[in-house]
Amino acid sequence: AQSVAQPEDQVNVAEGNPLTVKCTYSVSGNPYLFWYVQYPNRGLQFLLKYITGDNLVKGSYGFEAEFNKSQTSFHLKKPSALVSDSALYFCAVRLLRGATNKLIFGTGTLLAVQP
Amino acid sequence: NAGVTQTPKFRVLKTGQSMTLLCAQDMNHEYMYWYRQDPGMGLRLIHYSVGEGTTAKGEVPDGYNVSRLKKQNFLLGLESAAPSQTSVYFCASMGTGGNEQFFGPGTRLTVL
């Protein structure tokens, strides 16, 4: 079965420090991978995606993610964290079977950036 | 463009009551989805639609029904609400050939 795992419920980082939010996946075939962010009392916003090509993907708000096929990982990174980055982050994989275009989401990681 | 909108934003029901959540999108998207979000469980797919007039079950469909009579609207119904359906409900849409889903702001439902 296809799945996504986010091993950390919460990540704490000081403002200005680099941050990493981890994601691993289990899919058959080539994965389509996504990161979404959810600010308090808001819907999910798309951050970035990996479909094919360069393993390092750049997205919104200075975030990037590295696709690693051998480790089946798609970690989200940012060189210098901001307090405003504090939010809930979801990794997702798209199911390619059929024409449903369904996403499977991880359980989410709460990022807390301290000033 | 308003994007994806959801009505209502908040609702409190008593056990056994029924209600309908409305999702509307103005992006002419073919695909629409209903998710529920619960603490520690991420988002789980309830039902989805690949086009007007079509619906299909997702991961957690029990206790819910949906309809997609118009392309821009996707309705989620609870016929007899239960406390286990207390959750935040999100609607999303995606266009043909697109890759990312666009989400609405959510509906917070409490069933007493």
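Here the contact order of chain B, divided by its residue count and restricted to Cα pairs under 8 Å and six or more residues apart, works out to 36 percent.
Each other residue within a Cβ distance under 14 Å of A:PRO18 adds +1 if Lys or Arg and -1 if Asp or Glu, for a net charge of -1.
Heavy-atom accessible surface of chain B, averaged per residue, reaches 46 Å², computed with a 1.4 Å probe. If you take the square roots of the eigenvalues of the alpha-carbon gyration tensor of chain A and sort them as a ≥ b ≥ c, do you get rounded (a/c under 1.5), prolate (a/b over b/c) or oblate? The shape class here is prolate.
About its Cα centre, how strong a charge dipole does segment B:1-98 have in debye, to the nearest 20, once Lys and Arg get +1 and Asp and Glu get -1 at the Cβ?
Using only the charged Cβ atoms, the result is roughly 200 debye.
This model, with +1 at the C-beta of Lys and Arg and -1 at the C-beta of Asp and Glu, gives the protein assembly as shown a dipole about its Cα centre of some 360 debye. Taking every alpha-carbon pair under 8 Å whose residues sit at least 6 apart, segment A:1-69 reaches a relative contact order of 21 percent. Can you send over the carbon and sulfur percentage of the accessible area for the protein assembly as shown, probe radius 1.4 Å, protein chains only? Ligands and nucleic acids excluded, carbon and sulfur give 51 percent. In chain B the longest region clear of trypsin sites (Lys or Arg not before Pro) that are loop-assigned by DSSP and have at most 14 other C-beta atoms within 10 Å covers B:15-69. In a Gaussian network model over chain B where Cα atoms closer than 10 Å are linked, find which of B:GLY16, B:GLY40, B:GLY58 has the largest mean-square fluctuation. The residue with the greatest mean-square fluctuation here is B:GLY40. Springs between Cα atoms under 10 Å define the GNM used for chain B, and in it the highest mean-square fluctuation of B:ASN65, B:ASN28, B:ASN99 occurs at B:ASN99.
The relative contact order of chain A, computed from alpha carbon pairs under 8 Å that lie at least 6 residues apart in sequence, is 36 percent. For segment A:37-106, the solvent-accessible area with a 1.4 angstrom probe is 48 square angstrom per residue. With a ≥ b ≥ c the root eigenvalues of the C-alpha gyration tensor of chain B, is it rounded (a/c under 1.5), prolate (a/b larger than b/c) or oblate? It is prolate, given that a/c is not under 1.5 and a/b is the larger ratio. At the listed q of 0.11, 0.14, 0.16, 0.18 Å⁻¹, the Debye profile of the protein assembly as shown, built from one uniform point per Cα, gives log10 I(q)/I(0) equal to -0.55, -0.88, -1.12, -1.34. In the elastic network of chain B, a GNM with C-alpha springs shorter than 10 Å, the most mobile of B:PHE74, B:PHE102, B:PHE90 is B:PHE102. Under a model in which nothing but the beta-carbon of Lys, Arg (+1) and Asp, Glu (-1) is charged, segment B:1-47 shows a dipole of about 300 debye around its Cα centre.
Association of chains B and A removes close to 1600 square angstrom of accessible area from solvent, both sides included, for a probe radius of 1.4 Å.
The phi-based Karplus calculation (6.51 cos²θ - 1.76 cosθ + 1.60; θ = phi - 60°) puts the 3J(HN,Hα) values of segment B:77-89 at x, 10, 6, 9, 5, 10, x, 5, 8, 5, 5, 10, 10 Hz, whole numbers, x for Gly and Pro.
The values are calculated or read from the model by the stated rules, or taken from the named source; none is laboratory data. If you're wondering where the values come from, they're calculated on a predicted model, not measured in any experiment. Glycine also receives a Cβ, built like all others from the backbone with ideal geometry; neighbour counts cover every protein chain displayed. Remember, those area values only see protein heavy atoms, side chains included, never the ligands or the DNA or RNA. Shrake-Rupley method; radii C 1.70, N 1.55, O 1.52, S 1.80 Å.
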